[in-house]
Amino acid sequence: MHAPTMPRARTVVVETLPPPAKLYGRALPALFRRARAPELPALRLVRPNVRIDAEQVGRYARVCGFIPEHGVPLTFPHVLAFPLHLMMLTDPSFPWSALGVVHLSNSVRLRRPLAAGQALRIEVECGPLVPHHKGQAFTLHTRIYRRGEAVWDGDSVYLKRGARSERAAPSIEIADAADVRVPLLAREARWQLPPQLGRDYAKASGDFNPIHLHMLSAKAFGFPRAIAHGMWTLARTLAALHPVKALASGYAHGDFKTPLYIPGDATLWTAAPSPVARDFEVRDLAGDRPHLRGHFEWELP
């Protein structure tokens, strides 16, 4: 059976971003929306002229553990694209609340080095719904260009638990990372996550999802206390494994496994399949429970 396809996307150019509070406010009523047949928005959202701001890069780097010698962090362009992600997930045509989908995994690829001051074109669109054993999954594709040249792309995979779609091909399935053989890893670091980490990352990234901010707001969504942003955990891992210089190109993939509660402790476990690659897991303090599992590889100038 052929993979499901999306209708031809309608391009919408976004010159001015709505404030995050407005977008999150748009997500709350959708929590109580009556169930309907899932249809993802056939939209391509475009920010045509986004400048990399050195101050914003610095704030993000400090929260995630990158150093100035790393240059623009590999995961930073996700922050530039995130407002378009939120716009897509809170669009009136999106079938569920943005606060009701789970971030399963994220892949990022740097194709050309980036630097502060450069102007970028950012494009975001939905891939098709695909079956997952817990519901329906889909990917938000991000493509970033500089003067017409592709320089960065990212794929964010989300899950809506319990959702079913007649239009999704039953033969398509997103593999669960638990089925993937895990290499032998050695403990490399221990991190202590302070109680304000979620708020600090939110200010640096623009991701103000309430499950990350406070214990009370997290409890409203069924968590015993706030959990660390998955993209912070991935970025913190890459910062710890990053060569002490800027990359010519790089790729990282992370599967988000179990919530990492804050305040709390985490440990980093790694293996080196080659001099320019690392397999990794972020686990609990005892090293028994994985929060994040993934792979990082790079090329230097």
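Residue under question is residue 190, and the condition is that it be at pLDDT 90 or above, part of a strand (DSSP E or B), farther than 25 Å from residue 77 by Cα and of a type outside the set (Ser, Thr, Tyr); does it hold?
Numbers: at pLDDT 90 or above: yes; part of a strand (DSSP E or B): yes; farther than 25 Å from residue 77 by Cα: yes; of a type outside the set (Ser, Thr, Tyr): yes.
Criteria met by residue 190.
Considering every residue within the range 51-74, establish whether at least one is assigned to a strand (DSSP E or B) and modelled with pLDDT of 95 or more.
First pass over the range 51-74, keeping only residues assigned to a strand (DSSP E or B): 51.
Those left that are additionally modelled with pLDDT of 95 or more: 51.
There is at least one residue in the range 51-74 that is assigned to a strand (DSSP E or B) and modelled with pLDDT of 95 or more.
Of everything in the range 259-301 that's among the hydrophobic types (A, V, I, L, M, F, W, C), part of a strand (DSSP E or B) and free of Cβ contacts under 8 Å to residues at least 40 places away in the same chain, which residue is surrounded by the most Cβ atoms within 10 Å (Cβ to Cβ)?
Kept after step one, since they are among the hydrophobic types (A, V, I, L, M, F, W, C), are these residues of the range 259-301: 260, 262, 266, 268-269, 271-272, 276-277, 280, 282, 285-286, 292, 296, 298, 300.
Those left that are additionally part of a strand (DSSP E or B): 266, 268-269, 271-272, 277, 280, 282, 292, 296, 298.
Keeping just the survivors that are free of Cβ contacts under 8 Å to residues at least 40 places away in the same chain gives 272, 277.
Working: 272: 12, 277: 14.
Going through the qualifying residues, I end up with 277.
Taking the stated definitions as given, is residue 63 surrounded by 17 or more Cβ atoms within 10 Å (Cβ to Cβ) and in contact (Cβ under 8 Å) with a residue 24 or more places away in the chain? I'd like the intermediate steps shown before the answer.
Details: surrounded by 17 or more Cβ atoms within 10 Å (Cβ to Cβ): yes; in contact (Cβ under 8 Å) with a residue 24 or more places away in the chain: yes.
Spelling it out, residue 63 is indeed surrounded by 17 or more Cβ atoms within 10 Å (Cβ to Cβ) and in contact (Cβ under 8 Å) with a residue 24 or more places away in the chain.
Which one of these does residue 167 not meet: (1) at pLDDT 80 or above; (2) surrounded by fewer than 20 Cβ atoms within 10 Å (Cβ to Cβ)?
Answer for residue 167: the failing condition is (1).
In the range 218-257, what count of residues is obtained for those that are touching a Lys or Arg at 6+ places or on another chain (Cβ under 7 Å) and of a type in the set (Lys, Arg)?
Final tally of qualifying residues: 1.
Here is a check on your reading of the model: is residue 91 under 28 Å from residue 22 (Cβ atoms) and at pLDDT 95 or above? Even if it seems obvious, please write down each step before you answer.
On the way: under 28 Å from residue 22 (Cβ atoms): yes; at pLDDT 95 or above: no.
Criteria not met by residue 91.
Would you point out the residue of the range 31-46, among those that are out of contact with any Asp or Glu (no Cβ under 8 Å at 6 or more places or on another chain) and surrounded by 17 or more Cβ atoms within 10 Å (Cβ to Cβ), that is modelled with the highest pLDDT?
Start the filter on the range 31-46 by keeping residues that are out of contact with any Asp or Glu (no Cβ under 8 Å at 6 or more places or on another chain), which leaves 31-36, 38-40, 42.
After this cut, where a residue has to be surrounded by 17 or more Cβ atoms within 10 Å (Cβ to Cβ) as well, the list is 38, 40.
Numbers: 38: 74, 40: 90.
Going through the qualifying residues, I end up with 40.
Being assigned to a loop (DSSP other than H, G, I, E, B), buried (at least 21 other Cβ atoms within 10 Å of the Cβ) and not acidic (Asp, Glu) is the requirement here; does residue 77 meet it?
On the way: assigned to a loop (DSSP other than H, G, I, E, B): no; buried (at least 21 other Cβ atoms within 10 Å of the Cβ): yes; not acidic (Asp, Glu): yes.
Taking the combined requirement at face value, the residue does not satisfy it.
The values are calculated or read from the model by the stated rules, or taken from the named source; none is laboratory data. Computed from a predicted structure; not experimentally measured. Cβ sites come from the backbone with ideal geometry, for glycine too, and all protein chains shown count toward neighbours.
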